[in-house]
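To start, the structure under review is shown below, and the notes come after it.
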Ligand code: GLY
């Protein structure tokens, strides 16, 4: 019997587990992939790792913006503590983000964004085309304008995942990789553990893992796990939204100094010389195959603002599934089933929201009280 059993060892599950383990709470994380598998299925592995509450801000989600900015503020300390526990870097970079317009239409869209940011007192700066090229010299000659978001940064999401795995175990957490949860064990109306089996094994190989509390951080798969029987009332309206990405190899002649994005695409330069380009946004169920159209869109939209990418070697392509809720906001906290909790639905901002989610959820599980920061994200808002 463990105190807290977390289903899902992506960055969200591991980060909450790590904070709990640091606080002395006996915690087990169940993860269906193994660490050295070629392509983990979690959204964190596919993510470009932008920490971009300003450039991702919509016009109608003040709660998302506030939570995102709070999480960004937490990042430096969160990363430092994590790197200390894990003994390895998470690749946090703080050069800011350039949001470029590919044409006049996009410049008009950027202008509206900027005016909105000004009204909110955000530190975004307007740049004409020449000023934008001074800041990021590889922007093409036809870029008419850009914004600079000086506080929108990036972290290497795969390094983050690896560091969390190590830090969680170093702090005494139990990580059961290669184990897949098949259903929550509910006893007398209360979550009492999870039925699980080795990934890919038949039903007969099931084992019950007992727990005092169960937290489901299974991303896009959360709803499938909870939809039937005694946990149906806890199943959040969360679906997968596919993103296709690719990596180019930067050259000494073309190395970006900032994250660069447009309305449709983003390019994230990594320390190891890769330039991560993402991402499509597709309603494709659980299909993670790459498509010709997806790659075409990513390359064409990137090339429009950064023509120099034409000659860069293409290293890799991959796709992942963002867990997106009905209203696009995370689903965090308790459920109608006693002892059963959720942390999912982070959509486009899972990497950004990891520190704030981890601290708030660990607090909730340790004290039984939900911090104010996560009240707007309760499952009960869906009725
Ligand atoms: N964070 C950007 C995306 O989900 O594509």
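FYI, it's all coordinate maths here, none of it is from the lab. It should be emphasised that the depicted structure is a prediction, and the values quoted were computed from it without experimental measurement. Counting neighbours? That spans all protein chains shown, and the Cβs are built from the backbone with ideal geometry, glycine included.
Laid out as a table, the results:
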{"read-out": "Residue-span extension gain [residue 228 to residue 253] - 0.36 nm each, minus C-alpha spacing", "value": "3.5 nm"}
{"read-out": "GNM top mover of 65, 253, 245 - the chain, alpha-carbon springs below 10 Å", "value": "253"}
{"read-out": "Tilt relative to the chain, helix 354-367 - C-alpha long axis, 0 to 90 degrees, to 10", "value": "20"}
{"read-out": "Principal semi-axes in Å for the stretch 18-94 [√(5λ), Cα gyration tensor, largest first]", "value": "25, 18, 15"}
{"read-out": "Along each principal axis, Cα extent of the chain, largest first, Å", "value": "66, 42, 39"}
{"read-out": "DSSP beta bridge pairing in the chain, given as percent antiparallel to the nearest 5", "value": "70"}
{"read-out": "Contour excess over end-to-end distance, with Cα ends at residue 135 and residue 3 and 0.36 nm allotted per residue", "value": "42.4 nm"}
{"read-out": "Calculated FRET value between residue 77 and residue 369, using beta carbons and R₀ = 25 Å, to 0.05", "value": "0.65"}
{"read-out": "Burial ordering of 258, 138, fewest other beta-carbon atoms within 10 Å first", "value": "138, 258"}
{"read-out": "Cα centroid separation, the stretch 244-259 to the stretch 260-293 (Å)", "value": "13"}
{"read-out": "Contact order normalised by residue count of the stretch 254-383, Cα under 8 Å, 6+ apart, percent", "value": "16"}
{"read-out": "Theoretical ellipticity at 222 nm over the chain - DSSP helices of four or more residues, -39500 (n - 2.57) apiece, nearest 500", "value": "-9000 deg cm²/dmol"}
{"read-out": "Relative counts (whole %) of C-alpha pair distances in the stretch 54-110, using bins that are 10 Å wide", "value": "18, 33, 31, 14, 4"}
{"read-out": "Sorted peptide list for 353-360, 156-163, criterion being average Cβ within 10 angstrom, highest first", "value": "353-360, 156-163"}
{"read-out": "Global form of the stretch 1-61, assessed from the alpha-carbon gyration tensor, a/c cut-off 1.5", "value": "oblate"}
{"read-out": "Nearest 10 degrees, 0 to 90: helix 62-86 Cα axis against the chain principal axis", "value": "80"}
{"read-out": "Cα gyration tensor of the stretch 226-292 - equivalent ellipsoid semi-axes, whole Å, descending", "value": "36, 13, 11"}
{"read-out": "Those residues of the stretch 308-334 whose amide nitrogen sits under 15 Å from the label point placed on residue 297, 7 Å along Cα→Cβ", "value": "318-322"}
{"read-out": "Within the stretch 1-156, percent of DSSP bridges classed antiparallel, to nearest 5", "value": "75"}
{"read-out": "Projected label distance in nm at residue 318 and residue 66, using a 7 Å step from Cα toward the beta-carbon", "value": "3.5"}
{"read-out": "Per residue, the convex hull volume that the Cα atoms of the stretch 15-156 enclose (Å³)", "value": "161"}
{"read-out": "Pairwise centroid distance, computed over Cα atoms, of the stretch 190-208 with the stretch 356-375, Å", "value": "28"}
{"read-out": "Residue order, fewest to most surrounding Cβ atoms within 10 angstrom, among 255, 124", "value": "255, 124"}
{"read-out": "Helix 292-305 axis, angle to the chain major axis (alpha carbon atoms, nearest 10°)", "value": "50"}
{"read-out": "Cα→Cβ-extended label distance, 7 Å offset, between residue 125 and residue 36, nm", "value": "4.7"}
{"read-out": "Segments 297-309, 18-30 sorted - mean Cβ within 10 Å per residue, highest first", "value": "18-30, 297-309"}
{"read-out": "Debye log10 I(q)/I(0) for the stretch 270-348, one point scatterer per Cα, at q = 0.14, 0.23, 0.25 Å⁻¹", "value": "-0.66, -1.14, -1.23"}
{"read-out": "Gyration tensor verdict on the stretch 299-383 (Cα atoms; rounded if a/c is under 1.5, prolate if a/b is larger than b/c, oblate otherwise)", "value": "prolate"}
{"read-out": "Rel. contact order, % - alpha carbon contacts under 8 angstrom, at least six apart, the chain", "value": "23"}
{"read-out": "Projected label distance in nm at residue 381 and residue 195, using a 7 Å step from Cα toward the beta-carbon", "value": "3.3"}
{"read-out": "Which of 116, 266, 75 has the fewest Cβ neighbours within 10 Å, and the rest in rising order", "value": "116, 75, 266"}
{"read-out": "Relative contact order of the stretch 1-49, defined on C-alpha pairs under 8 angstrom at six or more residues apart (%)", "value": "39"}
{"read-out": "Paramagnetic reach from residue 289 (point 7 Å along Cα→Cβ, amide N under 16 Å) across the stretch 318-354", "value": "318-320"}
